[in-house]
Ligand code: BEZ
């Protein structure tokens, strides 16, 4: 999938704004070596650096990494697969915000992170958890089915595990999970009744592969109409995000 890094920074900056509290959870100590996986355009990587860490960022998307390098030339950013990477040296911490739900190979992620950490090092992350954007996914599926796009309706774009599933995987790899939480966080969409369309354009394009461009706006309008009673609160639209957060320590 090709990312639009400008649209991401312009209309979806809430991703890194919410991520600031995940940086607090990381509890950076000056001089620590930290790797930010799925760093996007690097805003949180930069925040981690400002707290005194020696930080590197990686992302699967060359477009995101190009933008991150442009914005923060003093930070080392690399294109890498979160499910299959080898670190140059052992890190004190691996961090990730709002990225791991794009990676279906969770065991690859957890294995790679475990190998990248020093003994006692920590993996601190937030991702979409079970039920994340459940109403949005249900509306997309319903509209695609009603319009005869049955194959697209079955598209599995994301991996949203339950707390039990993900923490079990972490423990099986040799982590001790010292904190885990699965919570609701209504997330504001920008641009009122255009917010769902913009969100889908940024994040949900995979559902529309093979559907003619001319048909797509009608489908997106039908999805928006289905969501309006749940998402529109007096003109401010919110998506039904559910977050999974954890701290896992390499034993
Ligand atoms: C999330 O942060 O939960 C998310 C973002 C984009 C697509 C799907 C989920």
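Observations, loosely collected:
- Over the residues of the chain, the helix contribution to mean residue ellipticity at 222 nm works out to -12000 deg cm²/dmol, using -39500 (n - 2.57) for each DSSP H run of at least 4.
- Residue order, fewest to most beta carbons within 10 Å, for 126, 78: 78, 126
- Folded to 0 to 90 degrees: helix 106-116 orientation relative to the chain principal axis, Cα: 20 degrees
- Bridges between two residues of the chain, per DSSP, are antiparallel at a rate of about 55%.
- Modelled FRET efficiency - R0 41 Å, residue 214 with residue 24, Cβ distances, 0.05 increments: 0.35
- With a Förster radius of 41 Å applied to the beta-carbon distance between residue 172 and residue 138, the computed FRET efficiency rounds to 0.85.
- Per-residue Cβ neighbour rank within 10 angstrom, fewest leading, 198, 118: 118, 198
- Least to most buried among 41, 187, 168 (fewest other Cβ within 10 Å first): 168, 187, 41
- The chain: most fluctuating residue of 49, 190, 145 per GNM, C-alpha cutoff 10 Å: 145
- Residues considered: 58, 181, 96. Largest GNM mean-square fluctuation over the chain, using C-alpha springs under 10 Å, is found at 181.
Rule-based calculations on the coordinates, nothing more; no lab input. As the structure is a prediction and not an experimental result, all values here were calculated from the model. Cβ: placed from backbone, ideal geometry, glycine included. Neighbour counts: every protein chain shown.
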